[in-house]
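Presented below is the structure to which this report refers.
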Amino acid sequence: MSGPWLEGADETGFGVDALPYGVFSVGGGTPRLGARIGDHVIDLAPVAEATGADRLVGLFGRSTLNPFMAQGPQAWATGRRLVTEWVSEARHEAAVRDHVHPVADASLQLPIRVADYVDFYSSRHHAENLGSILRPGQPPLTPNWLHLPIGYHGRAGTVVVSGTPVVRPCGQRRPDPDAAPLFGPSTRLDIEAEVGFVIGAPSRQGAPVPLGEATDHVFGVVLVNDWSARDIQAWEFAPLGPFLGKSFATSMSAWVLPWEALSHAHVDPPPRQAPVCDYLAGPSSGLDLDLRIELDGQQISRPPFREMYWTPAQQIAHLTVNGASLRTGDLLASGTVSGPDRAQRGSLIELSWNGEQPLQLAGGRARAFLEDGDTVRITATAPGPGGRRVALGEVVGTVQPAVTT
């Protein structure tokens, strides 16, 4: 290997096994595509031009990943192979050196133009916890849960890049079931630690995507925090489900880890405990991702993605079985990632058991739900080749006071 930007890169999780894509600017310049290596970002278009990769110059010279993602798996593989060569082979050092910037000097942008946003509900542990909290004395899972990947269509326009402040939402809530609803800032603001799958290659409307071909459409993976106002959500939920309690903000990481970088992370999903329809049957793999949630710098949970009941392929097969198409830039979130232990729960409503068991934080503080000024940081790693770990980009957000004027 060559190049000073490679020193210690593998220790960061952003070595040559990862090479996630993002969109960045430096010094107020035009946003452009980059690939992260260690603590540096490579400006891809000028390197493509200097090395004679003419076809990629136009695709990399954009301010969003969408044109490149739309090209499909063959173009993705070619681009990844070339970027790997640029950061690994001495013959490219002269072409690359002048187009490398410290990540600390870069302003990171939303890496994709989000087409549609879909949020699933694929962790059995999370679903059972919420069922036990919200429907005590009843079966924790609804009758359909073990037979299909439940999801809802969210609001693409309020997906924001990591680091964007999150303003506490206002809405209707009804704390007293015998009184009229109130309007005002949410008092039960929550997080949901999720993994997002970014669609690159589109599908044709009216043509379901078979289970065995589903992940051929996935360009890469991001981390997602699906912020949730539990009090607003509880009042509006019946009969149509999430609306204002979810739509105010969804944060995603600035770096998109290519699907190919997770080739060592595939695992068998948990065993089926109910029959499924043929379009959901057959082999499909889960992912061995280790998530970490921090609140104001203190770790509060380590959710394991390998525990997810429904796989990414099953989610895509179900989303399209009615003829709905996949579009370049679709963001498909997994739903909250939770494991069987308390220290593995991916939301505050679970961690505090709806406020009955507040989290104890440093300095004698306690949290049931988020307060203004709280900062939430979610990170994740996955197995890579040679025993190394591959990192996903972090997703961070700080809560700001509600706007009440």
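The values are calculated or read from the model by the stated rules, or taken from the named source; none is laboratory data. Just so we're clear, the structure is a prediction, and the values are computed from it rather than from any experiment. Positions of Cβ are generated from backbone atoms using ideal geometry, with glycine treated the same way; all protein chains shown enter the neighbour counts.
Looking only at region 61-84, residues that are surrounded by fewer than 15 Cβ atoms within 10 Å (Cβ to Cβ) and free of Cβ contacts under 8 Å to residues at least 12 places away in the same chain come to 2 in all.
Looking only at region 272-288, count every residue that is part of a helix (DSSP H, G or I) and surrounded by fewer than 15 Cβ atoms within 10 Å (Cβ to Cβ) and tell me the total. Talk me through it step by step, then tell me what you get.
The first filter runs over region 272-288 and keeps only residues part of a helix (DSSP H, G or I), leaving 278-280.
Pick out the ones that are also surrounded by fewer than 15 Cβ atoms within 10 Å (Cβ to Cβ) and you get 278.
Residues in region 272-288 being part of a helix (DSSP H, G or I) and surrounded by fewer than 15 Cβ atoms within 10 Å (Cβ to Cβ): 1 in total.
Each residue in region 355-405 was checked for being closer than 30 Å to Leu257 by Cα and hydroxyl-bearing (Ser, Thr, Tyr), and 4 pass.
On the basis of being within 22 Å of the chain's Cα centre (by Cα) and either in the same structural domain as Phe14 (by TED's automatic domain parsing) or part of a helix (DSSP H, G or I) (or both), does Pro67 make the cut?
Numbers: within 22 Å of the chain's Cα centre (by Cα): yes; either in the same structural domain as Phe14 (by TED's automatic domain parsing) or part of a helix (DSSP H, G or I) (or both): yes.
Yes.
Quick grid of which residues meet (1) in contact with a Pro (Cβ under 7 Å, 6 or more places away or on another chain); (2) small (Gly, Ala, Ser); (3) crowded, with 20+ Cβ neighbours inside 10 Å; (4) farther than 20 Å from Asn354 by Cβ:
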{"residue": "Leu134", "(1), (2), (3), (4)": "no, no, no, no"}
{"residue": "Pro165", "(1), (2), (3), (4)": "no, no, no, yes"}
{"residue": "Asp178", "(1), (2), (3), (4)": "no, no, no, no"}
{"residue": "Ser186", "(1), (2), (3), (4)": "yes, yes, yes, no"}
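Somewhere in region 313-334, is a residue more than 21 Å from Ala214 (Cβ to Cβ) and surrounded by fewer than 24 Cβ atoms within 10 Å (Cβ to Cβ)? No; the residues of region 313-334 include none that is more than 21 Å from Ala214 (Cβ to Cβ) and surrounded by fewer than 24 Cβ atoms within 10 Å (Cβ to Cβ).
I need a count of the residues in region 327-350 that are in a helix (DSSP H, G or I) and under 24 Å from Pro269 (Cβ atoms).
Taking region 327-350 and keeping what is in a helix (DSSP H, G or I), we get 342-344, 348-350.
Adding the requirement that they be under 24 Å from Pro269 (Cβ atoms) leaves 342-344, 350.
So the count comes out to 4.
Looking at Ala234, Ala214, Ala207, can you tell me which residue is assigned to a loop (DSSP other than H, G, I, E, B) and either more than 13 Å from the chain's Cα centre (by Cα) or surrounded by fewer than 24 Cβ atoms within 10 Å (Cβ to Cβ) (or both)?
Numbers: Ala234 fails: assigned to a loop (DSSP other than H, G, I, E, B); Ala214 fails: assigned to a loop (DSSP other than H, G, I, E, B).
None of the others qualify; the one that does is Ala207.
Does Gln315 fit the bill of being closer than 18 Å to Ala127 by Cβ, polar (S, T, N, Q), in contact (Cβ under 8 Å) with a residue 60 or more places away in the chain and part of a loop (DSSP other than H, G, I, E, B)? Full working, then the answer.
Details: closer than 18 Å to Ala127 by Cβ: yes; polar (S, T, N, Q): yes; in contact (Cβ under 8 Å) with a residue 60 or more places away in the chain: yes; part of a loop (DSSP other than H, G, I, E, B): no.
Criteria not met by Gln315.
In this structure, Gly137 qualifies as at positive phi and either part of a loop (DSSP other than H, G, I, E, B) or not assigned by TED's automatic domain parsing to the domain that holds Leu287 (or both).
Of everything in region 351-397 that is acidic (Asp, Glu) and touching a strand residue (DSSP E or B) at 6+ places or on another chain (Cβ under 9 Å), the residue that is nearest to Phe305 (Cα to Cα) is Glu394.
Filter region 289-303 down to the residues that are of a type outside the set (A, V, I, L, M) and either farther than 17 Å from Ser123 by Cα or crowded, with 20+ Cβ neighbours inside 10 Å (or both) and list them by number. Explain how you work it out, then say what you get.
Restricting attention to region 289-303, the residues satisfying the condition of being of a type outside the set (A, V, I, L, M) are 290, 292, 294, 296-299, 301-303.
Result: Glu294, Asp296, Gly297, Gln298, Gln299, Ser301, Pro303.
Only residues that are aliphatic (A, V, I, L, M) and either surrounded by fewer than 16 Cβ atoms within 10 Å (Cβ to Cβ) or part of a strand (DSSP E or B) (or both) were counted across region 257-271, and they come to 2.
Considering only region 84-95, I want to know if a residue exists there that is assigned by TED's automatic domain parsing to the domain that holds Ile316 and among the aromatic types (Phe, Trp, Tyr).
No, region 84-95 contains no residue that is assigned by TED's automatic domain parsing to the domain that holds Ile316 and among the aromatic types (Phe, Trp, Tyr).
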